[in-house]
Structures are given as structure tokens and as C-alpha cells.
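Everything on this sheet refers to the single structure shown next.
The values are calculated or read from the model by the stated rules, or taken from the named source; none is laboratory data. All values derive from a computational prediction rather than experimental measurement. Here the Cβ positions follow ideal geometry from the backbone for every residue, glycine too, while neighbour counts run over all protein chains shown.
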Amino acid sequence: MSGRTLAIGDIHGCDVALESILRAVVIHADDTVVILGDAIDRGPGSKQVLDRILQLSQECRVVFVLGNHEEMLLAALIDLRAVEGWLRYGGLATVDSYGGDPHKIPETHIAYLKSAVNLWETDSEIFIHANLQADVPFDQQPVEWLRWTHLTGFEAPHPSGKRIVCGHTPQKSGVPLVLPGWVCIDTFACGGGWLTCLDAGTNDYCQANLLGNLRFGRLDQPG
């Protein structure tokens with residue numbers, strides 16, 4: 001695979017942080033950007049985030065991994081019983097970003113979220129939103145694990161030897177969590193932390209906060 005593989009953790013509507021990161025890392029046409037899910041809800045700019053991701057997909061390859069928040073939005077669009085839970089769990093901020101009317105969510109955004117993948121695999125990494133059952137084939141992974149199950153810190157490395165890159169479990173320290181065979185880059189962007197973009201090839205990462213301030217680092221050890 002040519003170009004870089006860049007993974008971005010849970011954006012949660014933090015459009016300013018996302019734009020700051022994309023400018024800082026200087027996206028090239030041969031790069032692959034993996035959005036690890038939960039791009040929407042909680043933060044102020046879910047509409048703007050999805051607009052920017054769609055634009056980004058014209059600039060390079062983008063892989064969007066479905067998160068539990070996207071799952072809730074899609075469920076709410078077809079089942080009135082799911083609406084209250086989604087709004088209470090961060091969806092109200094998303095509705096506000098569309099002018100207070102969920103009917104204003106464009107079909108292009110809905111179709112894009114429907115096209116998201118459960119996980120994505122390269123020669124060296126497995127990219128997921130939340131968690132993974134190591135002894136279960138990818139096409140049989142329970143949705144509860146892929147999108148809802150938080151890390152315990154005792155996860156075993158994957159039998160394939162590939163590193164698992166995930167989000168979902170917020171690292172309120174603002175620093176990516178590195179475990180043997182795992183790295184979690186949900187660094188609590190919407191809660192006053194940082195949005196993280198990890199270069200999977202070098203282990204360097206770029207972070208931005210809600211104000212667009214930047215900082216850079218490298219994982220403490222290979223995962």
C-alpha cells in the first residue's frame with residue numbers, strides 16, 4: 001500500500017480539531033485516512049465534520065468504521081423508539097448542528113454512514129471502533145463488541161499478530177493507551193481532551209483540541 005495510513009479517533013463533532021489536524025498532517029492523494037467511528041454527537045459540529053469527511057474522500061482514500069453513535073443515528077431515522085435514547089446520548093448536539101431539524105440531515109450524509117464498514121484490515125493493523133473477540137472470525141464479530149464494548153486493559157494480542165487500533169474507550173489523560181498488540185486513540189476530544197491522528201506506520205501522532213491548538217507525540221512503545 002502506498003502512502004500513509006492515518007487513523008483518527010472519536011471526533012464527536014469537534015470540527016475545529018479535525019480541520020486543524022488535517023491541515024497539520026498535510027493530506028496527500030495516496031494517503032488512507034481511517035475514521036474510527038463516533039464522528040458525530042456530543043460536540044458542536046457534527047454536520048461540519050461529515051461535510052469535511054466527504055470532502056476528504058475526494059482528496060485521498062477514506063475508510064469510515066461505523067461507531068455506536070452512527071449506529072444510534074441510523075436506528076433513530078427508522079425507529080421512533082430509538083430517537084429518545086440517541087438524543088439523550090449526544091444526538092441533540094447533532095440535530096442542533098443541522099439547524100435543529102433532523103429532517104435536514106442530507107441524504108448524502110445518511111448514505112455515507114450506511115456505507116461504513118465494521119472494521120478494516122491491512123497487512124499490519126486491524127482498525128475497529130470499540131473492541132474485538134480475538135477468537136471469532138471477522139464476519140462473525142458481535143456488534144456489541146465492535147461498537148459498544150469498552151477496553152478492560154487486559155485484552156490479549158490478536159492471534160494474527162496484527163496490532164488493533166481502536167477508539168471508543170475515552171483516555172481522559174489525552175494520551176493514547178498502548179497495550180501489547182493494541183492502541184486506543186480516543187483521547188476525549190469532546191470532553192476537553194484531544195483529538196488524535198495516528199500514523200500507523202511511524203507511531204507518530206498529531207493532536208488538536210476544541211480550540212484548534214496542536215501538539216505532537218509518538219507512542220511510548222510499539223503496540
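Remark: pairs (first residue in region 95-118, free of Cβ contacts under 8 Å to residues at least 24 places away in the same chain and more than 18 Å from ARG52 (Cβ to Cβ); second residue assigned to a helix (DSSP H, G or I) and not charged (D, E, K, R); Cβ separation under 6 Å; 6+ apart in sequence or on different chains) = VAL95/PRO102.
Of all residues in region 162-183, those that are in contact with a Pro (Cβ under 8 Å, 6 or more places away or on another chain) and more than 15 Å from ASP199 (Cα to Cα) total 2. When VAL136 is tested against (1) within 19 Å of ALA7 (Cβ to Cβ); (2) hydrophobic (A, V, I, L, M, F, W, C); (3) in contact with a Pro (Cβ under 8 Å, 6 or more places away or on another chain), exactly one condition is not met: (1). Looking across region 120-141, just one residue is in contact with a Leu (Cβ under 8 Å, 6 or more places away or on another chain) and of a type in the set (Gly, Ala, Ser), and that is ALA130. Listed by first and then second residue, the pairs linking a residue in region 184-210 that is under 18 Å from VAL16 (Cα atoms) and modelled with pLDDT of 95 or more to a residue that is acidic (Asp, Glu) and surrounded by fewer than 24 Cβ atoms within 10 Å (Cβ to Cβ), with Cβ atoms under 9 Å apart and 6 or more places separating them unless they lie on different chains, are LEU198/ASP204; TYR205/ASP199; CYS206/ASP199; ALA208/GLU19. Filtering region 174-189 to residues that are surrounded by fewer than 24 Cβ atoms within 10 Å (Cβ to Cβ), under 15 Å from CYS206 (Cα atoms) and of a type in the set (Gly, Ala, Ser) leaves only GLY174. Residues in region 41-67 that are touching a residue at least 60 places away in the same chain (Cβ under 8 Å) and under 15 Å from TYR112 (Cα atoms) were compared, and the one that is surrounded by the fewest Cβ atoms within 10 Å (Cβ to Cβ) is VAL63.
If you scan region 190-213, which residues turn out to be surrounded by fewer than 18 Cβ atoms within 10 Å (Cβ to Cβ) and either over 23 Å from VAL117 (Cα atoms) or not charged (D, E, K, R) (or both)? Across region 190-213, the qualifying residues are GLY191, GLY192, GLY201, THR202, ASP204, LEU211, GLY212, ASN213. A single member of GLU107, GLU125 is surrounded by 14 or more Cβ atoms within 10 Å (Cβ to Cβ) and among the charged types (D, E, K, R), and it is GLU125. So for region 70-92 (the condition being in contact with a Lys or Arg (Cβ under 6 Å, 6 or more places away or on another chain) and either under 18 Å from PHE127 (Cβ atoms) or crowded, with 18+ Cβ neighbours inside 10 Å (or both)), does at least one residue qualify? For region 70-92, residues in contact with a Lys or Arg (Cβ under 6 Å, 6 or more places away or on another chain) and either under 18 Å from PHE127 (Cβ atoms) or crowded, with 18+ Cβ neighbours inside 10 Å (or both): present. Out of all the residues in region 129-151, is one or more closer than 21 Å to ARG52 by Cα and either of a type outside the set (Lys, Arg) or without any contact (Cβ under 8 Å) to a residue 60 or more places away in the chain (or both)? Within region 129-151 (the criterion being closer than 21 Å to ARG52 by Cα and either of a type outside the set (Lys, Arg) or without any contact (Cβ under 8 Å) to a residue 60 or more places away in the chain (or both)), the answer is yes, since at least one residue qualifies. Would a scan of region 13-20 turn up a residue that is surrounded by 24 or more Cβ atoms within 10 Å (Cβ to Cβ) and farther than 23 Å from SER115 by Cα? The answer is yes, given that some residue of region 13-20 is surrounded by 24 or more Cβ atoms within 10 Å (Cβ to Cβ) and farther than 23 Å from SER115 by Cα. A single member of ARG42, ARG4 is closer than 21 Å to LEU92 by Cα and of a type in the set (Lys, Arg), and it is ARG42.
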